[in-house]
1. Look at Gly205 and say whether it is away from the ligand (no atom under 16 Å from the Cβ) and either in a strand (DSSP E or B) or small (Gly, Ala, Ser) (or both).
2. Which of the following residues is more than 15 Å from the ligand (Cβ to nearest atom) and assigned to a strand (DSSP E or B): Ile155, Ile137?
3. Exactly one condition in (1) without any contact (Cβ under 8 Å) to a residue 40 or more places away in the chain; (2) more than 13 Å from the ligand (Cβ to nearest atom) is not met by Glu253; state its number.
4. Going by what's in this entry, would Ile191 be described as under 23 Å from Pro134 (Cβ atoms), more than 14 Å from the ligand (Cβ to nearest atom) and touching a helix residue (DSSP H, G or I) at 6+ places or on another chain (Cβ under 6 Å)?
5. Pull out all pairs, ordered by first then second residue, where Cβ-Cβ is under 6 Å, the residues are six or more apart or on different chains, the first lies in region 141-163 and is within 22 Å of Ala234 (Cβ to Cβ) and among the small types (Gly, Ala, Ser), and the second is within 15 Å of the ligand (Cβ to nearest atom) and in a loop (DSSP other than H, G, I, E, B).
Amino acid sequence: MTVRTTASRATFSAPATPATAPKAKANAVAPRVAAASTALTAPPAGLGKGDSGAKVKQLQQGLVKLGYLTQAQMNTGTGSFGPATEAAVKKFQGDHKVPTTGYYGEQTAAALKKALAKPTTTPPPTQPGKFTKPAVISAPSPNCDSRNGADIDTIVLHHTGTNNGAGDMAWMRNPDSKVSANYMLDRDGKIYQLVGDSKRAWHAGKSELHGVPTDVNARSIGIEIVNDGSGKTAFTDAQYKALTQLVGYLKQEYKVPANNILGHKDVAVPKGRKDDPAANFDWARLRKGIGG
Ligand SMILES: [Zn+2]
């Protein structure tokens, strides 16, 4: 059995700004961009308008990281302290209770050093339409067949019935079990893809959608969440985070209506046959995370 990692982790990288970007207005308010958390330190104090060189560049990089200067503004000069840098320094000074002289002196250097030492928070990718497929580990199951032309318009959430992801996965990959899911979400938040999205996984059994009998497996993506379903075992934080990414992505990719994101409980026939994902599953948290 070979388990290999596929797909790269979702990233939200800002597009590279060409060095030929038009010169920005000196008094433009720099947007607070989320910058990469590379180690940046404040240069020594003693820089002002007209200065240039590596120390000015270092100062500008710090200001870019903190959102006081844009990458484009920095790229217009090769480390020269011009009006844009002066304006950024003033704005930084204002925000950090330092006299707004525009001169990078001792007080400003100390404040910059402190600001750069703070970890920057990157906003979570929770806006609808902004999801990228999360990293998945390929673990193919033979328990699938053709969707027979059906489009995906539903997502069904399950609990595996145990808290043992390895055992659950082995069972779903065993041809004798005749069960599977497109994805399995382990306790640690790792996502395993057992059946490709284009294939019909065997997870829902006899089912209906909003009261209408239909082949739910043919039109849905099934996600098995490793949880015993007792209603007493908490779904982990890592599971909610991974599930938000995965369901957010699938909803966006297949244009799944919000009311077609359901639990096995909601589709299983006869009513009461299933209680997945579980009584203690936080639907509100998931719905909020995926934007509805
Ligand atoms: Zn189920």
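1. Values: away from the ligand (no atom under 16 Å from the Cβ): no; either in a strand (DSSP E or B) or small (Gly, Ala, Ser) (or both): yes.
Criteria not met by Gly205.
2. Just one listed residue meets the conditions, Ile137.
3. Here Glu253 clears every test but (1).
4. Considered against the rule, which asks whether it is under 23 Å from Pro134 (Cβ atoms), more than 14 Å from the ligand (Cβ to nearest atom) and touching a helix residue (DSSP H, G or I) at 6+ places or on another chain (Cβ under 6 Å), Ile191 comes out as yes.
5. What qualifies is Gly161/Gly229.
Read-outs: derived from the displayed coordinates by stated rules, not from any lab. All values reported here derive from a predicted model rather than from experimental measurement. Every residue, glycine among them, receives a Cβ derived from its backbone with ideal geometry; neighbour counts consider all protein chains shown.
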